[in-house]
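Worksheet: the structure to be examined is printed underneath.
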Amino acid sequence: MIQSSTHGNEKYKTALGSKFSELMFLMKSQLIRRNSILFVIGYSGNDKHLNEIISDSIEAGLCVIWFNYSKKENDKDILLPEDLLKHKEKIIIIDQLSEPIGTVRRCSNIIKEVLDENR
């Protein structure tokens, strides 16, 4: 008897069952809330199920700040998952390679600037 292996999203659904679906629903429900901001730090973008949630949430008004640590080989373009390229103009991309400053410090500076502008 040959067993088929489980790949991608199915792997998680099989392992977690309804808990996986519940987590994805909760994630999306938080991301589509008014004035939501998603800071993306260290995410490869290789999980299509998460990219779909992020994409749907951007269409609903989510603000995404993406800390980028890599570029395409021999290219000046920032590397974003293909699923999210259609939203490139709506994603604030922070190029971590352009200036050597830690992610925590840069994130703190961004939050401070936003708070100062809104006072």
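The values are calculated or read from the model by the stated rules, or taken from the named source; none is laboratory data. Predicted, not measured: the structure shown is a model, and the values here were computed from it. Virtual Cβ from ideal backbone geometry, glycine too; neighbours counted across all protein chains shown.
Things to note:
- Tally, over region 37-69, of residues that are crowded, with 18+ Cβ neighbours inside 10 Å and part of a loop (DSSP other than H, G, I, E, B): 1
- Taking the criterion of being among the hydroxyl-bearing types (S, T, Y) and in a loop (DSSP other than H, G, I, E, B), the only residue of region 12-36 that qualifies is S36.
- K90 being surrounded by 11 or more Cβ atoms within 10 Å (Cβ to Cβ) and at pLDDT 80 or above: yes
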